[in-house]
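The values are calculated or read from the model by the stated rules, or taken from the named source; none is laboratory data. Here the structure is a predicted model, which is why all the values come from computation and not from measurement. Glycine gets a Cβ as well: all are built from the backbone with ideal geometry, and neighbour counts include every protein chain shown. Keep in mind that these areas ignore ligands, DNA and RNA; they rest on the heavy atoms of the full protein, side chains included. Shrake-Rupley method; radii C 1.70, N 1.55, O 1.52, S 1.80 Å.
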Amino acid sequence: MIKKILGLLLFLSMVFASYSQDKWKSSKNKIVIPFELTHNLIIITVNINDVALNMLLDTGSEKNLLFSFPENDSIMLYNTKKVKINGIGGGESIEAIVSANNKLEVKDYVDSNFELLLVTEHDINLVNKLGVPINGIIGATFFKDFLVEINYQNKKVILYKDLKNKEKKLGKYIQEEIDLIGDKPYIDIVSEINKKNVNLKLLIDTGLGDGLWLFENDTIQCNDKFFNGVLGRGLGGEIKGKKSRVAKLKIANLELKEALVSYPDSISFNKTNLVTNRNGSLGGGILKRFNWFLDYKNNLVYFKKNHNFSDPFNYNMSGIEIQHIGLTWIKEYIDLNKASHANELVFVEGVEYNYKFKLKPVFEIYDVREKSPADIAGLKVGDIIYSINGRKAFDYTIQKMSDLFQSEEGKLIKMEIERKGVRMQFKFILQKIL
């Protein structure tokens, strides 16, 4: 009987190894995948069933999700059936379609048995909040079969077929054991909270833009210096909570001071299905300060600090959250002798009236933190932003606006907005609370 069991395990191991190699279409030992980093999130371009999509690379998601399609395009999905899923956020369970045997292609990585959940009848709004097109999430299956390097410094994800010639490079990194539960990685770290060192079990979550989320309990409590606000958005809706700082965060022998921390509230973040003893998540705001190797087969991670390590932990000092709500035609005067007019509407009405129209983004305020500088100045949810500090809003991205609001305490912000068809001007000073 024991021989039969050992034989079965050997057979399954061979099948698994063979299937892993089937995903590898490169003649080289590594596959390099460039990524865009926005709001501390990793975005890669992939092909699913021959359709190009922008996907969030998320170690914290057990499933692969698809929730929007490229404009004027469609995608064929196979072996579909309806399911009910629970999402993070304050909403109820939602309906999704699970689809199997799809083909995922990223450079020379090809998964011909790619399973995903299609969530179409729900307002994910990641495009609005990030200002860049996001079609879905690539989750745990992407990290299982190969050694994965996440180089935040060079904005590259690199897959390695084997560890050949990597021992020397990994020797320069700190090695830590991780727990893999449901194909998701958990790491143990230490944090100083309210003048006490607390051992934490955290999900390594590249799909979380914040640096640190902690769940309050008898041991872990937010200090007296905090503010309330919207922390993010899950499938179930907005996630609200408190934002504060921890005095120290120690990952192996590397220490980060005054790190920002968010405490999601129990109403908008359902903790009933969480892994036992999990205390929170380690997200992009911390992870981007290191370069990583993820070795799921050996339950290990390797990391070393990069040039982001000493960056200050800044946060939005304005008190407003901004989202993209569409496009509008903007008139720009042109010199017909110099301008290129591809994909533009061009009007010529004599020498004095040469101009073109271009599609530009429209931004609005979707949340105003109570008693924040913007709130005191009189800005409101629903205000359409026309300009910031004399620069037209459409010349910004949401990331650039976020960078401006995090830039420096005491900075003057002048905003021109449109409210119910009326142009209005406001100004306020960025103010640190934490």
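Condition (residue is modelled with pLDDT of 95 or more and in contact with a helix residue (DSSP H, G or I) (Cβ under 7 Å, 6 or more places away or on another chain)) applied to region 212-225: is it met by at least one residue? Yes, region 212-225 contains at least one residue that is modelled with pLDDT of 95 or more and in contact with a helix residue (DSSP H, G or I) (Cβ under 7 Å, 6 or more places away or on another chain). Only one entry in 294, 254, 260, 274 is farther than 24 Å from residue 56 by Cβ and open to solvent by less than 60 Å² (accessible area, probe 1.4 Å), namely 254. Under the condition of being in a strand (DSSP E or B) and within 26 Å of the chain's Cα centre (by Cα), the residues counted in region 194-223 number 9. When the test is whether a residue is on the phi > 0 side of the Ramachandran plot and assigned to a loop (DSSP other than H, G, I, E, B), residue 308 does not pass it. Given the structure, is residue 418 over 25 Å from the mean Cα position of the chain (by Cα), in a strand (DSSP E or B) and not polar (S, T, N, Q)? Yes; evaluated as a whole, the condition is true for this residue. I'd like to know if region 127-145 contains one or more residues that are modelled with pLDDT under 90 and of a type in the set (D, E, K, R). Checked against the condition, which is being modelled with pLDDT under 90 and of a type in the set (D, E, K, R), region 127-145 yields at least one hit. Is there any pair with a first residue in region 21-44 that is part of a helix (DSSP H, G or I) and a second that is open to solvent by 20 Å² or more (accessible area, probe 1.4 Å) and among the hydroxyl-bearing types (Ser, Thr, Tyr) whose Cβ atoms are under 9 Å apart and which are 6 or more apart or on different chains, and what are they? These pairs meet every condition: 22/112. Within region 86-100, being surrounded by fewer than 16 Cβ atoms within 10 Å (Cβ to Cβ) and either modelled with pLDDT under 70 or in contact with a helix residue (DSSP H, G or I) (Cβ under 7 Å, 6 or more places away or on another chain) (or both) holds for 86, 92, 93. Touching a Phe, Trp or Tyr at 6+ places or on another chain (Cβ under 7 Å), at pLDDT 90 or above, under 24 Å from residue 398 (Cα atoms) and among the acidic types (Asp, Glu): is that true of residue 321 in this structure? Here the answer is yes, as residue 321 does meet what is asked.
So in region 1-56, with the set limited to residues that are modelled with pLDDT of 80 or more and of a type in the set (Lys, Arg), which one is nearest to residue 145 (Cα to Cα)? Among them, the one singled out is 23.
When each of 241, 229, 207, 211 is tested for being open to solvent by less than 30 Å² (accessible area, probe 1.4 Å), in contact (Cβ under 8 Å) with a residue 24 or more places away in the chain and within 20 Å of residue 310 (Cα to Cα), the lone residue that passes is 211. Residues considered: 167, 177. Of these, the only one that is free of Cβ contacts under 8 Å to residues at least 40 places away in the same chain and either of a type in the set (A, V, I, L, M, F, W, C) or open to solvent by 80 Å² or more (accessible area, probe 1.4 Å) (or both) is 167.
For region 188-201, a residue qualifies if it is open to solvent by less than 40 Å² (accessible area, probe 1.4 Å) and either among the polar types (S, T, N, Q) or farther than 16 Å from residue 256 by Cα (or both), and the qualifying residues are 191, 201. In the set (1) assigned to a helix (DSSP H, G or I); (2) over 17 Å from the mean Cα position of the chain (by Cα); (3) among the aliphatic types (A, V, I, L, M), residue 286 fails one condition alone, (2). Of everything listed in (1) surrounded by fewer than 14 Cβ atoms within 10 Å (Cβ to Cβ); (2) closer than 21 Å to residue 182 by Cα; (3) among the small types (Gly, Ala, Ser), the single unmet condition for residue 60 is (1).
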